[in-house]
Amino acid sequence: MTGKSANWVFQDPRLQEMHQDYDAYTSEDFKVWKILYERQIVNLPKAASQAYLDGIEAVNFGSGRIANFAEVNEKLRGTTGWSVQVVPGLIDDDLFFGLLRNRRFPSSTWLRKMEQLDYLEEPDMFHDAFAHMPLLTNQPYVDFLEDLSGIALKYIDNKWAIHLLSRIYWFTIEFGLIRENGMLKIYGAGILSSAGETKFSLSDEPAHIEYDVRKIMQTAYWKDKFQDKYFVIESYEQLYQSIPEIEKVLEEELANSSVA
């Protein structure tokens, strides 16, 4: 990433002409959003982190309207200063972390079809919007995202470093739990968008492990089934304050791997 200005990402050709065409959504799209929203929202008042519940109210999501990114951006400008950047789907690591480093959350705009309600190989905009965007109103959470991405950009050409950092992202932003008032709650987007994993993650079946940067970097994750372990933070401040430790442990893990 050396030699590029701080705003290089905004001129990236991979983002040209990317926007949400709200008028293009079909009646099936609205039906899919409504089904997914109503099926999951009933599980969250007792299961989700309070920050998420506050956030979904702040961005004004509901079952009757697909998330409108222009409206979301207006809400986010008044809270954390973040915004949503439309992307075509899964994107390269440098663009992904470059956007987050510049306080832009990458999101697709396409919705799954009716026959895909229960499983997708690639996250759609329901996951990106419903599960991720409410927490973009939480300052320590987005500060963590921004600074984690800064570390990733320093090591963007080191595939093993990016893999280790992806484990941090996976077990926090996607599949993290938080303890609030002595109770386990969900803040990971991969859980928040899944009715099945919402119930499973808070049950006695998986292991619940205290947040541990080194242990996370040494733990593999699964993409095609529920996790067998979840890491638990005590607060979003703890998550953000772990950034220096993440960089330190990453350097040690890379040194150990090169020695090995």
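A few comments on the model shown:
- Taking first residues from region 83-102 that are outside any strand (DSSP E or B) and partners that are of a type in the set (Asp, Glu), the Cβ contacts under 8 Å between residues at least 6 apart in sequence or on separate chains come to GLY89/GLU122; LEU90/GLU122; LEU95/ASP12; GLY98/ASP12; LEU100/GLU146; ARG101/GLU146.
- Contact annotation: residue pairs with Cβ atoms under 8 Å, 6 or more positions apart or on different chains, pairing a residue in region 224-237 that is in contact (Cβ under 8 Å) with a residue 60 or more places away in the chain with a partner that is crowded, with 20+ Cβ neighbours inside 10 Å and in a strand (DSSP E or B), are PHE231/LEU177; ILE233/LEU177; ILE233/ILE178; SER235/ILE178; TYR236/ILE178.
- Boolean, LEU177 is in contact (Cβ under 8 Å) with a residue 24 or more places away in the chain, under 19 Å from ASP128 (Cα atoms) and out of contact with any helix residue (DSSP H, G or I) (no Cβ under 6 Å at 6 or more places or on another chain): yes
- Looking at LEU145, LEU117, LEU135, just one residue is within 18 Å of SER242 (Cα to Cα), of a type outside the set (S, T, N, Q) and touching a residue at least 12 places away in the same chain (Cβ under 8 Å), and that residue is LEU145.
- Answer residue from region 24-62, given it is part of a helix (DSSP H, G or I), closer than 21 Å to LEU136 by Cβ and among the hydroxyl-bearing types (Ser, Thr, Tyr) and is nearest to the chain's Cα centre (by Cα) among those: TYR52
- Identity of the residue in region 200-231, crowded, with 16+ Cβ neighbours inside 10 Å and within 10 Å of LEU177 (Cα to Cα), that ends up farthest from the chain's Cα centre (by Cα): LEU202
- Scanning region 54-100 for residues that are within 25 Å of SER166 (Cα to Cα) and charged (D, E, K, R) turns up ASP92, ASP93, ASP94.
The numbers here are math on the coordinates, done by the rules we state, and not lab data. Treat the numbers as computed from the prediction; the structure is a model and nothing was measured. Using ideal geometry, Cβ is built from the backbone for each residue, glycine included, and neighbour counts are taken over all protein chains shown.
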